[in-house]
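Below is one structure, written out as structure tokens; the observations come after it.
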């Protein structure tokens, strides 16, 4: 059993002993700590939004969280089965002090998590997250007396979310309707099965092929939307049954796209293509994290904008987007962040903008893909021993490659003329993640192995 505590929340496998798995006692403790932090940050606002994905453990975790918030004197707005971006929008829609999303994102069904939001519907920053962890560790919270107990109300925020997407200036519902797209969706038996077909119908899409849209929590395949997990929709697309395929993860903040011929559009290019569309109508800057494709930088420069890279993590991307006033940003895992809607990864926004882009281009998805700079990313790791001096290792690599362009805000990224390598220590495993990118897969692998060999030489392996 696993329990992982971080500034963005608490996640783990259901069951186990206290402190070893995500169990009722730890759920109550961290919920109470979060309520305490929010009360201290915003004393006059007791409203907290709670939404969840369709995991089997969802009802149990939901009841524990909502009841604990009531026990802390909070006014709970429970929006039930809801996507992560829906919950984020509900926080600002309700003018709440914060929100808790009950989802373990792309993790398998035995996992669940409490993801913690501030009053802007954004993930807690480093200082706020550390305060929640401190409060939970010290059990520094006070439950409400009988006359100060909170309450629970229930609302459906999906219509609000869909109207938000339809109201975006760059969502062209008329162009989408006229295009007559045939769209296939794989929603991995979670809340996407409720949200995505409803969005598509609102956009004017009449022909929808639904795969795994019943929100049972019994995921039909590994829920991470990466190529090796998407055989079912790929085969459907190869049969010529749809013009485009969309795949989301269980909480619907990541979007993968499948071409009409069954090939992957590739997660990295979800953001690249949407950014191309946005930048063709809106002058401005872009942001992604250090482990995302160089293609976004290329496309941004072609539109006269400036690209910036942040440390890995949505909260870091959002902070950099605000600093640079970026008009579009996100992460290479299919996470699109469009400030005109809200500062959070949102697959619904991504679908609406991508379909608008596709309708304007009048091309197939595979033809659209060929318009963008073609890169390939290789993902590797270095296993660490208890004796490994990670800081020393990274310093040694910085010294060896000091003549290349280095970025050190999150580990070390080495930019070469023909590619890059990014090394960063994992927050959850005793490994260094090694991501590399080049013009093709073989070059990306070779680049990664070259740096891994340098690292192992330092380690004496």
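Coordinate-derived values only; no laboratory data. All of these numbers come straight from a predicted model, not from anything done at the bench. Here Cβ is always computed from backbone atoms with ideal geometry, including for glycine, and neighbour counts include all displayed protein chains.
Rounded, prolate or oblate for the chain? Axes are the square roots of the Cα gyration tensor eigenvalues, ordered a ≥ b ≥ c, and the cut-off for rounded is a/c under 1.5. Don't jump to the answer; show the numbers that get you there.
Working: a/c = 1.66, a/b = 1.12, b/c = 1.48.
Verdict is oblate for the chain.
At full extension, residue 142 and residue 282 could sit 45.5 nm farther apart than now, given 0.36 nm per residue minus the alpha carbon distance.
Can you give the FRET efficiency for residue 450 and residue 152, using 1/(1 + (r/R0)^6), R0 = 45 Å, r = Cβ-Cβ distance, to the nearest 0.05?
Details: r = 56 Å, r/R0 = 1.25.
So, using R0 = 45 Å, E works out to roughly 0.20.
Most tightly packed first, judged by the mean number of other beta-carbon atoms within 10 Å of their residues, the peptides 286-297, 141-152, 365-376 read 286-297, 365-376, 141-152. Computed from the C-beta positions of residue 301 and residue 134, the FRET efficiency with R₀ = 35 Å rounds to 0.20. Using the average count of surrounding beta-carbon atoms within 10 Å as a protection proxy, the listed peptides 74-80, 122-128 rank, highest first, as 74-80, 122-128. With the simple model of a label 7 Å out from the Cα in the direction of the Cβ, residue 2 to residue 387 spans 2.7 nm. The distance separating the Cα centre of region 294-366 from that of region 102-180 comes to 21 Å.
A helix-only calculation puts the chain at -11500 deg cm²/dmol for mean residue ellipticity at 222 nm, using -39500 (n - 2.57) for each DSSP H run of at least four residues, averaged over all residues.
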